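As structure tokens, the structure follows; a few thoughts come after it.
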Amino acid sequence: MKPFAIWLAIVVVLFGGYALVASALRETTQVFVFVDSSNPMAPVWVDVRRELDDIDDRDHAEFALAHGQSRQDELVHSWQPELTFSGVEPFAPCSFDAIDTYQEAAEADERILITTDSSCDTSTLVGWDVILLEP
């Protein structure tokens, strides 16, 4: 029994060390998040913060955040370790025409759009993960 306990302790220490080294050497993922802030988002606006918190929980990631509608698209912040979003209220009709114009969107390893079914058509967005919020 004693040899098995020694073998088990060695295996646990080796795999634990490997896990620590692999985690420390993992590259940072850049995630660009675009929040649809048009009128159709008003019924689900309280859910946006929850979705951003879920995205923000990722390890080894840095985030850039933008929001927009047909009248204005705005970069909220460039690359940083946490998503920071406040002071925005949904208004105006929807448009995703300028969604790919951000430098951060081009640099990102992953691009996420938060919107709703009643907003703009998302079928033309290639390479985007679309999160559809439901009222």
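Descriptive notes on the structure:
One line per residue, one yes/no per condition, for (1) more than 15 Å from Ser119 (Cβ to Cβ); (2) in a helix (DSSP H, G or I); (3) among the charged types (D, E, K, R):
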| residue | (1), (2), (3) |
| --- | --- |
| Ile55 | yes, yes, no |
| Arg58 | yes, no, yes |
| Glu62 | yes, no, yes |
| His67 | no, no, no |
| Ser70 | no, no, no |
| Trp79 | yes, no, no |
| Pro93 | no, no, no |
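- The single condition from (1) in a strand (DSSP E or B); (2) within 12 Å of the chain's Cα centre (by Cα) that Glu51 fails is (1).
So that you can scan it fast, the table gives a plain yes or no per residue for (1) loosely packed, with under 10 Cβ neighbours inside 10 Å; (2) at pLDDT below 90; (3) touching a His at 6+ places or on another chain (Cβ under 9 Å):
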| position | (1), (2), (3) |
| --- | --- |
| Trp7 | no, yes, no |
| Leu25 | yes, yes, no |
| Val35 | no, no, yes |
| Asp53 | no, no, no |
| Gly87 | yes, yes, no |
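- Condition met for Ser70 (modelled with pLDDT under 90 and open to solvent by less than 70 Å² (accessible area, probe 1.4 Å)): yes
- Test: residue in the stretch 6-24 that is in contact with a helix residue (DSSP H, G or I) (Cβ under 6 Å, 6 or more places away or on another chain) and either farther than 18 Å from Val126 by Cβ or among the acidic types (Asp, Glu) (or both): no
- Taken residue by residue, the stretch 95-111 has at least one member that is open to solvent by less than 80 Å² (accessible area, probe 1.4 Å), under 13 Å from Ser38 (Cα atoms), part of a loop (DSSP other than H, G, I, E, B) and touching a strand residue (DSSP E or B) at 6+ places or on another chain (Cβ under 9 Å).
- One residue from Val44, Val13 being open to solvent by 30 Å² or more (accessible area, probe 1.4 Å) and among the aliphatic types (A, V, I, L, M): Val13
- Flag if Leu83 is part of a helix (DSSP H, G or I), buried (at least 18 other Cβ atoms within 10 Å of the Cβ), within 17 Å of the chain's Cα centre (by Cα) and among the aliphatic types (A, V, I, L, M): no
- Among the residues making up the stretch 117-135, those that are open to solvent by 60 Å² or more (accessible area, probe 1.4 Å) and in a strand (DSSP E or B) are Asp129, Leu132.
- Selection of the stretch 80-135 for residues being touching a helix residue (DSSP H, G or I) at 6+ places or on another chain (Cβ under 7 Å) and without any contact (Cβ under 8 Å) to a residue 60 or more places away in the chain yields Glu82, Leu83, Phe85, Pro90, Phe91, Ala92, Pro93, Cys94.
The values are calculated or read from the model by the stated rules, or taken from the named source; none is laboratory data. The structure presented is a predicted model; accordingly, all values stated were derived computationally and were not measured. Glycine also receives a Cβ, built like all others from the backbone with ideal geometry; neighbour counts cover every protein chain displayed. In case anyone asks, the SASA skips ligands and DNA or RNA and just uses the protein heavy atoms, side chains included. Shrake-Rupley method; radii C 1.70, N 1.55, O 1.52, S 1.80 Å.
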